[in-house]
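Engineer: This is the structure I have questions about; it appears just below.
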Amino acid sequence: MTVKTNLLIAAASSMIFAAGATAQTTTTPAAPAAPAQTAPATTATPQAAPATGAPAAPTAAPTTTIAAALPTLPNRATLTKLVTAAKLETTLAGPGPFTVFAPSDEAFTRLPAGALDTLLKPESAPTLATIIKYHVVAGAVTSDQLKAQITAGGGKATLTTLAGQPLIASLGPNGNIELTDTAGIKSYVDTADIKETNGVVHLTNGMSVPKLG
């Protein structure tokens, strides 16, 4: 393993530790109007559950792929840049279908200083691809279908991601979809069911982290 790869994994591990150190059971907010998702520049904070995981408003039939749609989605510029750096545009433009849990720009601000720059380096593409694929599931799974899987599973559904690692879905304190990654860190779907020609995108307020190395 090269020194640069070691540094990348160390940075990713630091991210998991920083987020995990502050992770705690989320309590139900007192009727928030929007996801409580602010974080100080120097301190990681747990993601708060948004008020709902409401589906996006109905729109006309989709005409574009997930890869083409990502740059048009609000607050997803960082994810779009990472998909390009990971060389996954062709995958997300393919027939699929796919379900993508798309973290907000704010989610990536919780990375340790310099970690994002490291991930964007060409030599980091394989590790970055694993991280991005951890947010993608084969098949177009709507929020209603996912909730049905959660109910059938006794309160949780284990999703096998394209990274080959499990992502656990359950219902959050407000009835929205809650995702728990390999480190036990939670994020929430705050806008669901953005349908594209090759699948569906669910916008999340946090980043999920697979096991690396």
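Engineer: Can you tell me which of (1) modelled with pLDDT of 95 or more; (2) part of a strand (DSSP E or B) is the one ILE132 doesn't meet?
Structural biologist: (2)
Engineer: Here's a check for you: in segment 178-198, which residue that is closer than 23 Å to GLY96 by Cβ and in a loop (DSSP other than H, G, I, E, B) is farthest from the chain's Cα centre (by Cα)?
Structural biologist: Ranking the candidates gives THR197 first.
Engineer: OK, next. When you scan segment 171-178, do you find a residue that is of a type outside the set (Val, Ile, Thr) and within 21 Å of LEU88 (Cα to Cα), even just one?
Structural biologist: Scanning segment 171-178, I find no residue that is of a type outside the set (Val, Ile, Thr) and within 21 Å of LEU88 (Cα to Cα), so the answer is no.
Engineer: State all residues of segment 175-213 that are of a type outside the set (D, E, K, R) and under 13 Å from ALA107 (Cα atoms); if no residue qualifies, say none. I'd like the intermediate steps shown before the answer.
Structural biologist: Narrowing segment 175-213 to residues of a type outside the set (D, E, K, R): 175-177, 179-180, 182-185, 187-189, 191-192, 194, 197-210, 212-213.
Within segment 175-213, ILE185, SER187, TYR188, VAL189, LEU203, THR204, ASN205, GLY206, MET207, SER208, VAL209 qualify.
Engineer: Mind checking which helices (runs of 4 or more DSSP H) fall wholly inside segment 42-100 and carry at least 1 residues that are modelled with pLDDT of 95 or more and basic (Lys, Arg)?
Structural biologist: Correct list: 77-85.
Yes/no per residue for (1) modelled with pLDDT under 95; (2) on the phi > 0 side of the Ramachandran plot; (3) surrounded by fewer than 17 Cβ atoms within 10 Å (Cβ to Cβ):
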position: GLY153; (1), (2), (3): no, no, yes
position: ILE177; (1), (2), (3): no, no, no
position: THR182; (1), (2), (3): yes, no, no
position: ASP190; (1), (2), (3): yes, no, no
position: VAL200; (1), (2), (3): no, no, no
position: LEU203; (1), (2), (3): no, no, no
position: VAL209; (1), (2), (3): yes, no, no
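Engineer: Under the condition of being assigned to a helix (DSSP H, G or I) and of a type in the set (A, V, I, L, M), which residue from segment 135-166 is nearest to LYS87 (Cα to Cα)? Lay out the reasoning, then the answer.
Structural biologist: Looking only at segment 135-166, we keep the residues that are assigned to a helix (DSSP H, G or I), and these are 143-152.
Restricting the remaining residues to those that are of a type in the set (A, V, I, L, M) gives 146, 148, 150, 152.
Details: LEU146: 28, ALA148: 33, ILE150: 32, ALA152: 36 Å.
Ranking the candidates gives LEU146 first.
Engineer: On the given criteria, is THR151 free of Cβ contacts under 8 Å to residues at least 12 places away in the same chain and either under 14 Å from the mean Cα position of the chain (by Cα) or closer than 23 Å to LEU212 by Cα (or both)?
Structural biologist: no
Engineer: Hey, GLY175 hits all of (1) farther than 30 Å from ALA61 by Cβ; (2) in contact (Cβ under 8 Å) with a residue 40 or more places away in the chain; (3) assigned to a loop (DSSP other than H, G, I, E, B) but one; which does it fall short on?
Structural biologist: Status for GLY175: all satisfied but (1).
Engineer: Looking at segment 101-122 only, could you name the residues that are part of a strand (DSSP E or B) and touching a helix residue (DSSP H, G or I) at 6+ places or on another chain (Cβ under 8 Å)?
Structural biologist: ALA102, PRO103
Engineer: Do we find that PRO126 is surrounded by fewer than 18 Cβ atoms within 10 Å (Cβ to Cβ), touching a Leu at 6+ places or on another chain (Cβ under 8 Å), free of Cβ contacts under 8 Å to residues at least 40 places away in the same chain and within 30 Å of ALA115 (Cα to Cα) in this structure?
Structural biologist: The answer is no for PRO126.
Engineer: Here is a check on your reading of the model: is THR160 hydroxyl-bearing (Ser, Thr, Tyr), surrounded by fewer than 21 Cβ atoms within 10 Å (Cβ to Cβ) and either closer than 28 Å to PRO62 by Cα or without any contact (Cβ under 8 Å) to a residue 12 or more places away in the chain (or both)?
Structural biologist: Working: hydroxyl-bearing (Ser, Thr, Tyr): yes; surrounded by fewer than 21 Cβ atoms within 10 Å (Cβ to Cβ): yes; either closer than 28 Å to PRO62 by Cα or without any contact (Cβ under 8 Å) to a residue 12 or more places away in the chain (or both): yes.
Against the criterion (hydroxyl-bearing (Ser, Thr, Tyr), surrounded by fewer than 21 Cβ atoms within 10 Å (Cβ to Cβ) and either closer than 28 Å to PRO62 by Cα or without any contact (Cβ under 8 Å) to a residue 12 or more places away in the chain (or both)), THR160 qualifies.
Engineer: Next question. Could you list, in sequence order, the residues of segment 81-123 that are in contact with a strand residue (DSSP E or B) (Cβ under 9 Å, 6 or more places away or on another chain) and over 22 Å from ILE185 (Cα atoms)?
Structural biologist: Of everything in segment 81-123, those that are in contact with a strand residue (DSSP E or B) (Cβ under 9 Å, 6 or more places away or on another chain) and over 22 Å from ILE185 (Cα atoms) turn out to be LEU88, THR91, LEU92, GLY96, PRO97, PHE98.
The values are calculated or read from the model by the stated rules, or taken from the named source; none is laboratory data. What you see is a predicted model; the values in this text were computed from it and never measured. Because the Cβ atoms are built from the backbone with ideal geometry, glycine has one as well, and the counts that use them run over all protein chains shown.
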